[in-house]
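The structure under discussion appears below in the form of structure tokens.
All of the numbers you see were taken from the coordinates with simple rules; none came from a lab. None of these values were measured; they are calculated from a predicted model. Don't worry about glycine lacking a Cβ; one is built from the backbone with ideal geometry, like all the others, and counts go over all protein chains shown.
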Amino acid sequence: MMQFRRIVSTAALGLLVIGMPACKKKEAPAPSADAAAPAPVPAFEVGTIEVGKAVGADKRVTSTGTTFGRRDTIYVSVATEGVAPSKTIAAKWTFQDGQVVDEESRSIAPNGPEVTEFHITKPSRWPAGKYKVEIAVDGATAGSKDFEIK
């Protein structure tokens, strides 16, 4: 009888030891490093610069081109990406000899994709020749486009 008690006690103890981990309180998984870190703020940058004869309601050039008539209005759209509390985008239009035709700037506070539009027009006819529009952001050159008036 004593041997029977030992077998039963040993079996009960074995089941208790094996079953203990199942009763253990489960720990919450540790948060991953990706979940804890806030999303990085996208850096501000100029995407595309387009020149053309017309712009849409979204300020994007709808009719791109590099050759214009002497009475055309010339548009440039500057697409930007990123976030910044304040940026100044400037357009400087020049004639073939470097003579400044027009300069204009716009202050923006981008919070994602944005488009800024500039244009030049002349009541009388434009002189035929090669022109350039240079785009700068906070005084630093961001790109340029050449075009011609025939």
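What to note about this one:
- Boolean, Ala109 is out of contact with any Pro (no Cβ under 8 Å at 6 or more places or on another chain), more than 21 Å from Asp146 (Cα to Cα) and exposed (fewer than 15 other Cβ atoms within 10 Å of the Cβ): no
- Test for Arg60: is it in contact (Cβ under 8 Å) with a residue 60 or more places away in the chain and at negative phi: no
- All positions within the range 122-142 that are surrounded by fewer than 15 Cβ atoms within 10 Å (Cβ to Cβ), within 26 Å of Ala57 (Cβ to Cβ) and touching a strand residue (DSSP E or B) at 6+ places or on another chain (Cβ under 8 Å): none
- Here Ala79 qualifies as in contact with a Pro (Cβ under 8 Å, 6 or more places away or on another chain) and farther than 19 Å from Lys150 by Cα.
- Within the range 45-90, the residues that satisfy the criterion of being under 15 Å from Glu114 (Cα atoms) and of a type in the set (Val, Ile, Thr) are Val46, Thr48, Ile49, Val55, Val61, Val76, Val78, Thr80, Val83, Thr88, Ile89.
- Residues located in the range 65-119, provided they are small (Gly, Ala, Ser) and farther than 16 Å from Glu50 by Cα: Gly69, Gly82, Ala84, Ser86, Gly98, Ser105, Ser107, Ala109, Gly112
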